[in-house]
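Heads up: the structure comes next, in structure tokens.
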Amino acid sequence: MALQDYKDIIATVATIVTIIQFLSGIDICRKIIKQGSTGDISGFPFVGGVFSTSTWLTYSLLLWDASMSITNAVGLTLQVIYLCTYVRYCIASGPWRTVRRQMLVTTLVVAAIQYYVFLSDDENETIKTRIGLMCCLGSIIFCASPLVSLAEVFRTRSTDMLPFPLIFATFLVSGLWWLYGIIIQNSFVKYPNLIGFGLSGFQLFLFIVYPNKRKDNVTGESRAV
């Protein structure tokens, strides 16, 4: 395959761009800190990010893939920091209950995955296959997480609540890892990133359709908690 000759280059670029993508969460956290609360920003992208990176880190260690391991180790660290920041400024009871439930479910699922990987009697290939499936689910959740605000986007005819840096970075990262999945001939890397590429592309299209300003008379008070 012609792409095979570019494996190391694509892996390096994908790792660098993915880490830059993870850093895009700083912009969201800075907005939260500046306004003193999470406002209408959903914590689900951070929860989904923790689940996705922790699961992919486990899978990449099973594959002994250095590029994927380094990328997801850095990503997991950053996502945990972002989630802690979100929880710190989540002062409204409704969002706090929601993110608390999400964190509880994520913690239980991640713990179950680790228990299965390290204490299961299944063969290594079977474990890889099942964890690979979980990684697919995690990637789709992470890429689709901004879609939780889709109803609000259509209601206000504005993309103000969508995290553009995160979505744009996801678009680039998914495309690169899709190519990497083709090179290493791994369906669990290839197909979820293809889906992520499509989902993030759709979200970017919304920024073209709708301006980044609210069309209704939603005031700053609507963000107050």
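Of the helices (runs of 4 or more DSSP H) lying entirely inside segment 1-82, those containing at least 2 residues that are open to solvent by 70 Å² or more (accessible area, probe 1.4 Å) span 7-23, 25-35. No other residue among 18, 12 is β-branched (Val, Ile, Thr) and over 30 Å from residue 153 (Cβ atoms) apart from 12. Entry remark, segment 1-58: residues being within 26 Å of residue 94 (Cβ to Cβ) and aromatic (Phe, Trp, Tyr) number 3 in total. Can you tell me which residue is farthest from residue 124 (Cα to Cα) among those in segment 31-66 that are small (Gly, Ala, Ser) and free of Cβ contacts under 8 Å to residues at least 24 places away in the same chain? The residue in question is 66.
The requirement of being touching a Cys at 6+ places or on another chain (Cβ under 9 Å), at pLDDT 80 or above and open to solvent by 40 Å² or more (accessible area, probe 1.4 Å) is not satisfied by residue 208.
The values are calculated or read from the model by the stated rules, or taken from the named source; none is laboratory data. Computed from a prediction, not measured in an experiment: that's the story for all the values here. So basically every Cβ, Gly included, is an ideal-geometry build from the backbone, and we count neighbours across all protein chains shown. Note: accessible area is taken over every heavy atom of the protein model, side chains too, but ligands, DNA and RNA are not part of it. Shrake-Rupley method; radii C 1.70, N 1.55, O 1.52, S 1.80 Å.
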